[in-house]
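First up is the structure itself, then whatever we jot down about it.
The values are calculated or read from the model by the stated rules, or taken from the named source; none is laboratory data. What you see is a predicted model, and the numbers here were worked out from it, not measured in a lab. We place every Cβ from the backbone using ideal geometry, glycine too, and count neighbours over all the protein chains shown. All accessible areas refer to the heavy atoms of the entire protein, side chains included, with ligands and DNA or RNA removed. Shrake-Rupley method; radii C 1.70, N 1.55, O 1.52, S 1.80 Å.
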Amino acid sequence: RNYYGGNWASFSFSGLLSWLKEYQENNDIVIDSSLWQEQILENEEAIALSRKDKTIQHVEVFCYASQDLHEYVEEAGALKKNHACVTPVNSSKAADSACLPTEDESLSTESCEVPAEQTPSSDPESTLEINDAEATGEKENHSDDKTSEEKTNENVPTAEDTAEQPKKNRITYSQIVKEGRRFNIDLVSKLLYSRGMLIDLLIKSNVSRYAEFKNITRILAFREGRMEQVPCSRADVFNSKQLTMVEKRMLMKFLTFCMEYEEHPDEYKAYEDITFSEYLKTQKLTPNLQYFVLHSIAMTSETTSSTIDGLKATKNFLHCLGRYGNTPFLFPLYGQGELPQCFCRMCAVFGGIYCLRHSVQCLVVDKESRKCKAIIDQFGQRIISKHFLVEDSYFSENTCSRVQYRQISRAVLITDRSVLKSDSDQQISILIVPAEEPGSFSVRVIELCSSTMTCMKGTYLVHLTCTSSKTAREDLEAVVEKLFTPYTETGIENEEVEKPRILWALYFNMRDSSDINRNCYNDLPSNVYVCSGPDGGLGNDNAVKQAETIFQSICPNEDFCPPPPNPEDIVLDGDSSQPESSESSAILEAKSETPAESTTLGNPEETSE
């Protein structure tokens, strides 16, 4: 792999095209095992690792934006050798070199050649904090806290702003490629619960200083062909024009009960064996309120979630409200792929070493102790260690022959407008579209605006996710057709088109290995620990639990991700001659000068609640 983060990674647009090319080339890898087999001794045996990444399947790409193939297109800010497109010799070769399908045909990456190199995700290095003045209604000026890249994005006119556009709102494929570095496209789509385990870990470890977040501004519902905003907080409920006064009282009474449901077991014990959807029908809620609670607040399955599951999910949603804004969710600027980089940065500060573009051929196992003692890399070099952490996708078919994987269906869309118009064009929205057919699953839709630093100005980045029952396109296409329409030249001038137009679309299936028990792997040594890829859930609790469990297995008496000491608190060996009183006063002074953003992130209740 030419990138780190695995399926948690985030790419610029040209980087995503390179990822697609790597997927294509991945199918043709020829493994030469002679180098490492010579290194195995008589009292050792090897567990060969796979060099093929089989976690991604059924990749399909569609391009609906105008294709100016006669133009020379280059990504703005890219190195000269990193061309996002090659100057076409003639129009017949242009489609192949640019990897562009027509509006009516799907593009399988097997027949696609993308000559662009992977571009790493943007990396803000300055101290960062939650930046959500719009969502919370605050009028503070956060310009001093923005990174230089953000200021560049705001001050330097983009190609979209400066180019002559013969037709209104006309966005071409060449513009997307030119502005490709403004895109940060995640392979997995998730949000952070404001009181979730990941937020607590970011605050505790002080990794939050490496990232900046925005609050999700609205939660939407799509019902009877109409998109509407769901009232979540107490203020939203009473200001809502969608609900009658009676419905407002019903909803507030039920939500108040959900916050304290564990203290009133008599009110739900009799319904533990039925689904949460059936339980809601017994609570004298109107069909409108039942829909809101089930799909927009609890966000649980209509057919499989029990009453207890629904009450827990509703309580968790309400518990997270008001910490950083009017919704329970946060999104990291520059995408979810920033978070692995933040933790990698913390690890590097404490001496962690990364060997990029350096592959491992096999694990070396001692026959007597049945423990892994070393690895052999691509150069035949042996590296010895006591503990080995391996991501599931690196295991060969022999090791995983008894493993049954689930799949996640994913779609990534670039659109020209939001699914629900509002006064502000900088809205971050989440929407759950319920399953309509038996055996299918609800689809989670997350729409990101340009202020999240994940797409260029004038566009939106839309992520769709669901549990797979078929290929990603088969699972998600019906929802895409409900909410969006393909971008066409004839539709540009039609102002009556209500649906957002799709400029570019990607479908793929991703492996979900989050619930695999290590006993399912064949002959795995006890000192080899397995990390799964991302799961299909909205939050990140599963990944945090898994990381802490593995850490405690390796370092049972250590604190997981402890906060790093302040530089002022560190006493070097040569400084021991200082008086104790002055040392303690310096520490107290350092604690009193904690950066304001840490206080804002760690204790927001004091101001917002």
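What pairs can you find where one residue is in the stretch 368-390 and within 15 Å of Trp36 (Cα to Cα), the other is open to solvent by 100 Å² or more (accessible area, probe 1.4 Å) and part of a strand (DSSP E or B), and their Cβ atoms are less than 7 Å apart, with a gap of 6+ or different chains? Taking only residues 6 or more apart or on different chains, the pairs are Lys373/Ile384; Ala374/Ile384.
Taking strands (runs of 3 or more DSSP E) that do not extend beyond the stretch 208-256, which have at least 2 residues that are open to solvent by less than 10 Å² (accessible area, probe 1.4 Å), out of contact with any Leu (no Cβ under 6 Å at 6 or more places or on another chain) and modelled with pLDDT of 85 or more? Before you say what the answer is, go through the steps one by one.
Details: elements: 213-215, 218-223, 226-229.
Here the list reads 218-223.
The residues of the stretch 324-337 that are open to solvent by less than 20 Å² (accessible area, probe 1.4 Å), not in a strand (DSSP E or B) and not aromatic (Phe, Trp, Tyr), listed by number, are Gly325, Thr327, Pro328, Leu333, Gly335, Gln336, Gly337.
Among the residues of this structure, Glu597 does not count as one that is open to solvent by 50 Å² or more (accessible area, probe 1.4 Å) and modelled with pLDDT under 95. In this entry, Leu79 passes the filter for residues that are of a type in the set (A, V, I, L, M), out of contact with any strand residue (DSSP E or B) (no Cβ under 9 Å at 6 or more places or on another chain), open to solvent by 40 Å² or more (accessible area, probe 1.4 Å) and modelled with pLDDT under 80. Could you please find all residues in the stretch 346-357 being on the phi < 0 side of the Ramachandran plot and open to solvent by less than 70 Å² (accessible area, probe 1.4 Å)? Selection gives Met346, Cys347, Ala348, Gly352. Here the condition is being β-branched (Val, Ile, Thr), within 23 Å of the chain's Cα centre (by Cα), open to solvent by 20 Å² or more (accessible area, probe 1.4 Å) and over 26 Å from Trp19 (Cα atoms); of Thr488, Thr471, Thr549, it holds for Thr549 alone.
Do we have Gln57 as of a type outside the set (A, V, I, L, M) and at pLDDT below 85 here? Walk me through it before giving the result.
On the way: of a type outside the set (A, V, I, L, M): yes; at pLDDT below 85: no.
The answer is no for Gln57.
Here is the figure for the stretch 257-304: residues that are more than 28 Å from Val445 (Cα to Cα), outside any loop (DSSP other than H, G, I, E, B) and not charged (D, E, K, R) total 5.
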